[in-house]
Amino acid sequence: QVQLVESGGGLVQAGGSLRLSCVVSGSSMRLRSMGWYRQAPGKQRDVVAGFSSGGSTTNYADTVKGRFTISRDNAKNLVYLQMNSLKPEDTAVYYCNSYPSTLYDWGQGTQVTVSS
């Protein structure tokens, strides 16, 4: 059973930055097909970013393109999401999971709140 543990969220002002982390249990090979998702209150969970093509390509939702960067550290089994120029509409609970299909049980997520 793959376990996912997200961290790094918090309260930040608009224009600020945060870096989220996701620990993925098991083989580091899984990191090559991981992604980040978010769910705002009252809305469905949407994809934010993910690796594809064996980890050589990164994909981003149009709403975060140019502001967010997904990366990974194979040695630590970590996937990161660097979020810059944050906007109030980025407020959500952020989750990691496999990408583009979510194969694993969801973790608890990490709350990101952006104040205007």
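Any idea which of (1) surrounded by 13 or more Cβ atoms within 10 Å (Cβ to Cβ); (2) touching a helix residue (DSSP H, G or I) at 6+ places or on another chain (Cβ under 8 Å) is the one residue 68 doesn't satisfy?
Going through the list (1) surrounded by 13 or more Cβ atoms within 10 Å (Cβ to Cβ); (2) touching a helix residue (DSSP H, G or I) at 6+ places or on another chain (Cβ under 8 Å), residue 68 breaks only (2).
Which condition does residue 26 not pass, out of (1) under 14 Å from the mean Cα position of the chain (by Cα); (2) open to solvent by less than 60 Å² (accessible area, probe 1.4 Å); (3) within 17 Å of residue 103 (Cβ to Cβ), if it passes all the others?
Failed condition: (1).
If you check 81, 31, 20, 86, which single one turns out to be in contact with a Lys or Arg (Cβ under 6 Å, 6 or more places away or on another chain), open to solvent by less than 30 Å² (accessible area, probe 1.4 Å) and either assigned to a loop (DSSP other than H, G, I, E, B) or among the hydrophobic types (A, V, I, L, M, F, W, C) (or both)?
Answer to the check: 31.
Please name all residue pairs, on different chains or six or more residues apart, with Cβ atoms under 8 Å, provided the first residue is in segment 39-61 and is modelled with pLDDT under 95 and assigned to a strand (DSSP E or B) and the second residue is among the small types (Gly, Ala, Ser) and open to solvent by 20 Å² or more (accessible area, probe 1.4 Å).
52/33
Every residue in segment 34-59 that is surrounded by 11 or more Cβ atoms within 10 Å (Cβ to Cβ) and more than 24 Å from residue 113 (Cα to Cα), please.
51, 52, 55, 58
With the condition kept exactly as written, say whether any residue in segment 49-67 is of a type in the set (Gly, Ala, Ser) and touching a Leu at 6+ places or on another chain (Cβ under 8 Å).
Yes: segment 49-67 contains one or more residues that are of a type in the set (Gly, Ala, Ser) and touching a Leu at 6+ places or on another chain (Cβ under 8 Å).
Quick check on my filter: what residues within segment 2-17 are in contact with a Gly (Cβ under 9 Å, 6 or more places away or on another chain) and either open to solvent by 40 Å² or more (accessible area, probe 1.4 Å) or on the phi > 0 side of the Ramachandran plot (or both)? If you could, list the steps in order and put the result at the bottom.
First, the residues of segment 2-17 that are in contact with a Gly (Cβ under 9 Å, 6 or more places away or on another chain): 2-6, 9.
Selection gives 3, 5.
The values are calculated or read from the model by the stated rules, or taken from the named source; none is laboratory data. Small disclaimer: the values here were computed from a predicted structure and weren't measured. Quick reminder, even Gly has a Cβ in these numbers, built from the backbone with ideal geometry, and neighbours come from all protein chains shown. Quick note on the areas: whole protein, heavy atoms, side chains included, nothing else; ligands and nucleic acids left out. Shrake-Rupley method; radii C 1.70, N 1.55, O 1.52, S 1.80 Å.
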